[in-house]
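These notes are about the structure you will find just below.
The values are calculated or read from the model by the stated rules, or taken from the named source; none is laboratory data. Computed from a predicted model, the values in this text were never measured in an experiment. Heads up, the Cβs are rebuilt from the backbone with ideal geometry, glycines too, and the neighbour counts pull from every protein chain shown. Ligands, DNA and RNA are stripped out before the accessible areas are found, and what is left, the full protein with its side chains, is counted by its heavy atoms. Shrake-Rupley method; radii C 1.70, N 1.55, O 1.52, S 1.80 Å.
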Amino acid sequence: MPRTGLIALMMAAALIAVPLAQKPAPTFVASKPSAATPSSAKPSSAKPSAATVKLDALKKEALADVESRGQFSQQMVDQIFSFGELGFQEFETNRYLIDILKKNGFAVQEGIAGIPTSFMATWGSGKPVIALGSDIDCIPQASQKPGVAWHDPIIEGAPGHGEGHNSGQAVNITAAIAVKKIMEREGLSGTIRIWPGTAEELVGTKAYYIRAGLFKDVDIALFTHVGSDLGVSWGAGSGTGLVSVQYSFVGETAHAAGSPWRGRSALDAVELMDIGWNFRREHLRLSQRSHSVVVDGGDQPNVVPRTASIWYYFREIDFAHIKEMWETGDTIAKAAAMMAGVELQPTKVLGSAWPQHMNKVVAETTWANIQQVGLPKWSDEDQQLAKALQKELKNPRQEGLPTELRDGLQGPVQNNTGGGSDDIGDISWNVPTVTLRYPSNIPGLPGHNWANAISMATPIAHKGVTAGAKVQAMTILDLVSRPELVEQAWVYFRDVQTKDTKYEPLLRAQDQPAIWLNKAIMEKYRPEMKKYYYDPSRYKTYLDQLGIKYPTVRVGGSQ
Ligand SMILES: [Zn+2]
């Protein structure tokens, strides 16, 4: 441990010595680290300073503390999995998290930025202010029994954690509680904030947090997101930013057979807009992604539809191109309204996200800790589940779960060809930020799907969360013990990241959080889902409560 602590110190020293913009991406050889395995680093002749020795001892203590809180983390993961709440409807999840945070000495401000299912929890005082965030919402129609390696919903058609957002708060809260204990005893200055990425699947809230000034005094944002590896990156990442816009049209009803000439169909405008956009798509940049759903297509065929709405995500890799796509969408909507002889209503922005840019200094600090923690030790059962699911999905390879850190520290992505978005992008352009990916899921899955829920209330998720919490705790200790890291993070933020690109919100002044979304779906499914809420007072794990043998995999090849 002390040797690898030295590596972190040497990395920091190297960073200060070389101008940040010119420093090539460091390459690290991923060793096979674990808390028990000594580092492969060469011994250094330099004697570690007293401060380094002390910090390493505190980190060691945090590692043991997080490990000892395994059951606490597991209960959080399983509980939130069982709530399975869609974006803006995370009422049970919020109540549950707020209760845990209050019990652990955090002051909690509820309903922040006009969002009922959101909060900002604060503990400590003084600098640095470190904000720990992770998403909490789930995916439509992703209900799934955990630990079962095929599509087997708990409730057919219900939402479920098919993105794994049930696990990130456990990473942050476990880490925060472990570090808080140490900070209290050592009298370390610092403030820890904990906040949820509410409605992330709608990229619905983080830009509003920024607009409300909630990150104005924050020094560093440490975000966590589930993955199938322990990893972190810096610079402009892969993926996109987006604006999410709903176009609604109003026409006039008429008897669709008796007097269709007296009606004007709003659905015609929706269909024409869809056709117009899909023709235009051929002439858009390769990095774009765009998709839509019809949220109102009329009432019944014999009544000319008076109202109709279509909802688009327009994704691109930079602010200017997102704005350009949005303008094109607006033009096509206006043209479609003219063709159909209906009115286009004022458009509604339902969400937005800047493309992400992660902080180099914080990423390097995190990476040094990742190398010390290493991947969890998977059991045969964990590997069996992973391989059976990969087979079920007809993946060309059934590689199971990774046993070695795969990717190394990732630098800026060249030739970004687009992909998903996360509104952590908005925070990353206001405060030095990184996203820690922790290994609670299985590689090779489609995403936003029942398959991604399978591991999320099993030992795979629990071990992944504990590994993530260890890294997070060590990184918080770095930041509160070494003020120069915070300073250097801001040097990168000011002199490199935001030198030529300044944050401008995609949100317009009139836009408000779309808190009505998903209300009807949750009202439909919640009564049935309540019967399956996890009860940790009666069952050790959610798998126990559901009576699922772990793992449940197909026997033989006949199915
Ligand atoms: Zn996500």
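Structure data summary
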| read-out | value |
| --- | --- |
| Residue-averaged 222 nm ellipticity for the chain, from DSSP H runs of 4+ at -39500 (n - 2.57), nearest 500 | -12000 deg cm²/dmol |
| Which listed pairs, of Lys59/Lys463; Lys334/Lys502; Lys180/Lys499; Lys127/Lys470; Lys348/Lys531; Lys127/Lys180, have C-alpha distances above 25 Å, in listed order | Lys334/Lys502; Lys180/Lys499; Lys348/Lys531 |
| Electrostatic dipole magnitude of the stretch 165-206 [Cβ: Lys, Arg +1; Asp, Glu -1; Cα centre; debye, to 20] | 160 |
| Compactness relative to 2.2 N^0.38 Å, alpha carbon Rg of the stretch 360-475 | 1.16 |
| Rounded to 5, the percent of DSSP beta bridges in the chain classed as antiparallel | 65 |
| Modelled FRET efficiency - R0 22 Å, Lys530 with Glu110, Cβ distances, 0.05 increments | 0.50 |
| Taking all pairs of distinct alpha-carbon atoms in the stretch 466-544, Kirkwood radius in angstrom | 18.6 |
| Point-charge dipole on Cβ atoms (K/R +1, D/E -1) for the stretch 356-421, about Cα centre, debye to 20 | 200 |
| Percent carbon-and-sulfur accessible area, the chain, ignoring ligands, DNA and RNA, probe 1.4 Å | 53 |
| Average projection area in nm² (convex hull over Cα atoms of the stretch 502-557, one quarter of hull surface) | 10.0 |
| Separation of the Arg494 and His291 label points, Cα + 7 Å toward Cβ, nm | 4.1 |
| Cα shape, the stretch 466-510, gyration tensor, a/c 1.5 rule | oblate |
| Projected-area average for the stretch 206-257 over all orientations - Cα convex hull basis, square nanometres | 8.7 |
| Distance (nanometres) between label positions extended 7 Å along Cα→Cβ at Tyr503 and Gln345 | 3.2 |
| Accessible area (Å², per residue) of the stretch 88-214, counting only protein heavy atoms and a probe of 1.4 Å | 28 |
| Prolate/oblate/rounded label for the stretch 65-181 (Cα gyration tensor, a/c 1.5) | oblate |
| The chain - convex hull of the alpha-carbon atoms, volume per residue in Å³ | 160 |
| Built amide H within the under 5 Å cut-off of Leu350, gap 5+ | Ser244, Val245, Gln246 |
| For the stretch 414-427, 3J(HN,Hα) per residue [Karplus equation, 6.51 cos²θ - 1.76 cosθ + 1.60, θ = phi - 60°, Hz, x = Gly/Pro] | 8, 6, 5, 9, x, x, x, 9, 8, 6, 4, x, 5, 5 |
| Length gained when the stretch Asp330-Val413 is fully extended (0.36 nm per residue, less Cα-Cα span) | 26.8 nm |
| Eligible aspartates and glutamates near Lys387 by straight Cα distance, threshold 12 Å, same-chain separation 8 or greater | Glu399 |
